[in-house]
1. I need the fraction of alpha carbon pairs in the range 69-156 separated by more than 18 Å, rounded to a whole percent.
2. Given 0.36 nm per residue, what is the gain on full extension from ILE84 to LYS138 after removing their alpha carbon distance, in nm?
3. Can you compute the FRET efficiency between ASP63 and LYS154 using 1/(1 + (r/R0)^6), with r the Cβ-Cβ distance and R0 = 30 Å? Round to the nearest 0.05.
4. Work through the residues other than TYR62 whose Cβ is under 14 Å from its Cβ and net out their charges, Lys, Arg +1 and Asp, Glu -1.
5. Using heavy-atom solvent-accessible surface (probe 1.4 Å) with all chains present, what is the largest-first order of ASP99, ASP232?
6. Provide the gained length on full extension for the span ARG118 to PHE44, in nm with one decimal, where the gain is 0.36 nm per separating residue minus the Cα-Cα distance.
7. Which order do PHE159, PHE54, PHE193 take by accessible area at a 1.4 Å probe, largest first?
8. Can you give the accessible area of LYS45 in Å² (nearest 10), computed on protein heavy atoms with a 1.4 Å probe?
Amino acid sequence: MVSCVDWRGKMMIKRTIVFICIFISGAALWAQKQELRTLLQEQFKVSPLWKTSFDGGYYRGYDGVEWTRWGIRNLTAYQLNDHISVDVGVMYNRTATSDQEVKNEFRPHQSIKISYPRLAHMSFSHRLRMEEQFYTYKKAEKSENASRFRYQIKTERNFCTPKKKGVNIAYWIASLEFFFNPVGKLQDDYILFNRGRHGLGVGYQLSAKTSVEGMVLYQHTHNNTSFKDYSDMAIINFSIKNSLFSGS
């Protein structure tokens, strides 16, 4: 009998690669902007219930809308039970545009994550996050603030389903996220639904502590109450995730 690795795994890989290529092509054609993201995340599990992580990244805009951004973030999470965790954190972003304007953003957040359902070879996670955003500008000499609510559902599955996620195992990733503006605004007109973002990607577990992932996300943003006023962006995201040590 031919094993999953011999033919089922290869068929799954081929189909997923073809689907991702179609998604990448569609996102690049439809999007008005493109952004390249490179991220590094370090995680510390200080105890069975507590963990903290630090991540930093560099972001670059292309296709006539050029900007550079770098950001750093800290997050501390507590595991309530097998399915639910809560976390708080703060992020700092510095964005420089082609007209030499510099925008500083301070973004605290509060989240709850739910892992359900949890299948043998496939995981689902739901994240509900509230963010507060505080902006300052170098040239404009002004400040702004806003709040937004984010809901994300994300899933991962190994290419070869009989195997659990582990070292030297490749997997695919799919995510869907919605952004809402419950209070505060940055535009002249208020709009509740602000953004939708969905993506596909692949990952590979290099070791027990390190994995690499690549994703392409298509983002659709509404700027005000007129749904005809929107912008699209294709986000190419590369990330390295590492755990430095595990708590006892």
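1. Cα-Cα pairs in the range 69-156 separated by more than 18 Å: 56 percent.
2. 15.4 nm
3. Efficiency at R0 = 30 Å is approximately 0.65.
4. Once all neighbours under 14 Å are counted, the net charge is 0.
5. The residues order as ASP99, ASP232, largest area first.
6. 24.3 nm
7. Largest to smallest exposure gives the sequence PHE54, PHE193, PHE159.
8. Accessible area, nearest 10 Å²: 80 Å².
The values are calculated or read from the model by the stated rules, or taken from the named source; none is laboratory data. Worth saying up front: this structure is predicted, and the values here are computed from it rather than measured. In this analysis, Cβ positions are derived from the backbone assuming ideal geometry, glycine residues included, and neighbour counts consider all displayed protein chains. Ligands, DNA and RNA are stripped out before the accessible areas are found, and what is left, the full protein with its side chains, is counted by its heavy atoms. Shrake-Rupley method; radii C 1.70, N 1.55, O 1.52, S 1.80 Å.
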